[in-house]
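Quick notes on the structure that follows.
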Amino acid sequence: MSAAEDLVNNTPGVAENPVNHSTDVAENPVNDQAGGAENPVNDQAGGAENPVNDQVYVAENPVNDQARAAENAINDKAGTSENALNDKAGEDPVNDEEDAEESLIEDEEDAVETPVNNKVDRLPEEAKEILKSLAGKWENVLDANALQVIPLKGAMTNEVFQIKWPTTAGESSRKVVLRIYGEGVDVFFDRGDEIRTFEFMSKNGQGPRLLGRFTNGRVEEFIHARTLSASDLRDPSISVLIAAKLKEFHDLDMPGEKKVHLWDTLRNWLSEAKRMSSPKEVEAFYLDTIDKEISILEKELSGAHQQIGFCHNDLQYGNIMLDEEANSVTIIDYEYASYNPVAYDIANHFCEMAANYHTDEPHILDYNKYPDFEERQRFVKAYLSSSGEQPSESEVEQLLQEVEKYTLANHLFWGVWGIISAQVNKIDFDYKEYAKQRFQEYWARKPYLLISSEAPSPYNVPEGTGDLASALPTKGSSTKNSGIFRKMKRVLGLGLFKSKS
């Protein structure tokens, strides 16, 4: 779900994608058709030159590439990895039992993959041509035209499909991932930047290979690792892996200006949100006050002391893949990635623990699931110590405090995102309700996090903030906040925006 996508450059210390994959992995395109010359990020790193809306680009038959895979880039959000790449959807077994094991796609009460041939009709003709061309070069594919299309749930910015073909006896089916870009979402990021980043990352072992590109989407290699579930984020053994990988991500040396993009992005999005909204919605969501809030946060949170890094900006569980054999994680989906304060990126990850995008009501957030102090401290310690040096207590405490304050910016970021997405995205997700909950948390938490020392310490309030939104004004909080809730109730009839637990 989230901010302009400048993206990653690999530096020393960036481990190669640990996820092992086998025959499904395509090799770097050879004889790139229609635009395959490598176009490095900023003309220096790998990728097809062919711009996003250029002509069809098809990668040559990928063969035996066993060392690359993982991170499928470009997230998408509102909490859900659109690149639900191996998104926990169990496949409908149609004579494909080996596949289920091989792909490591596990559990998932949310979606049973059901290959339905008529779904092929939903694919753009350009995409079908690319898929048939790819499959025609794989010797073990029985029929390049016999592709099965499996929608993957959890995507909130793009439509994502797993495509597979039957293969000769004794071999697992061939698979790729096809992404069709969501309509109108270019307001959130530059698709050309995102493609260049994707190519650069995959070229340097940080993500899946780009197998083909068409006018409104692309084909990516299928990675044999499982996408995390919401509950996985609470597993201490997995959490420390994520912390170390995120530090590695932040240390990437992406070409370009290493400045904070958060505030400019927020202001640009807010302008679009107000332009697209009705006067009633502008009033109900208090959009006319958000610009002032952005300025308050920027002044309060900015400082020479904060560390700037290349941030993912959308580190929800669907954008993290786990190779259980290698015990390693890979971060995928970089649509919203850009340079930002690293504390903001960690704050985003913590806020995502309130979400589960694979339920009957994926837009509902439960902030009682926000990580408690012990969980946050463990994550920050793992993050700071991943370079080999043990952080001091003051370093841990300072980063923890910065992270908590940046949760406020994160709520505004995704709240405004939800308002815009409700206007431009046709994916089945209640974006306005989602936005409502993010704004709710902003106003509820602000008195505890930003007001002077007279306000209660954020570390002394109840862990889990779901019940705070409906609380009466406390010492240090303004009556304006309670007025906001009353106005939202009056205009939209929404009650006091309580989170559903």
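The values are calculated or read from the model by the stated rules, or taken from the named source; none is laboratory data. Because the structure is a prediction, the values reported are computed rather than measured. Here the Cβ is made from the backbone with ideal geometry for all residues, glycine too, and neighbour counts use every protein chain on show. Accessible surface areas use protein heavy atoms only, side chains included; no ligands, DNA or RNA. Shrake-Rupley method; radii C 1.70, N 1.55, O 1.52, S 1.80 Å.
Assorted remarks:
- Protection proxy ranking of 243-252, 208-217, 172-181 - average other beta-carbon atoms within 10 Å, highest first: 208-217, 172-181, 243-252
- Kirkwood-Stokes translational diffusion coefficient of the range 207-247, alpha-carbon pairs, 37 °C, 0.692 mPa s, µm²/s: 258
- Ordering of 281-290, 432-441 by packing [mean C-beta count within 10 Å, highest first]: 432-441, 281-290
- The range 188-229 - Rg (one decimal) and Dmax (whole number), Cα, Å: 11.4, 32
- Projected label points at Asp360 and Asn327, each 7 Å from Cα along the beta carbon direction, are separated by 3.9 nanometres.
- Cα-based Rg / Dmax (Å) for the range 201-325: 19.1, 54
- The residues of the range 155-311 expose on average 33 square angstrom of accessible surface per residue, using a 1.4 Å probe on protein heavy atoms.
- Between Gln307 and Ser231, the simple spin-label model (points 7 angstrom out along Cα→Cβ) gives 3.3 nm.
- Overall Cα dimensions of the range 185-270, principal axis frame, Å, largest first: 37, 34, 25
- Surface per residue (accessible, 1.4 Å probe) for the range 331-423, Å²: 30
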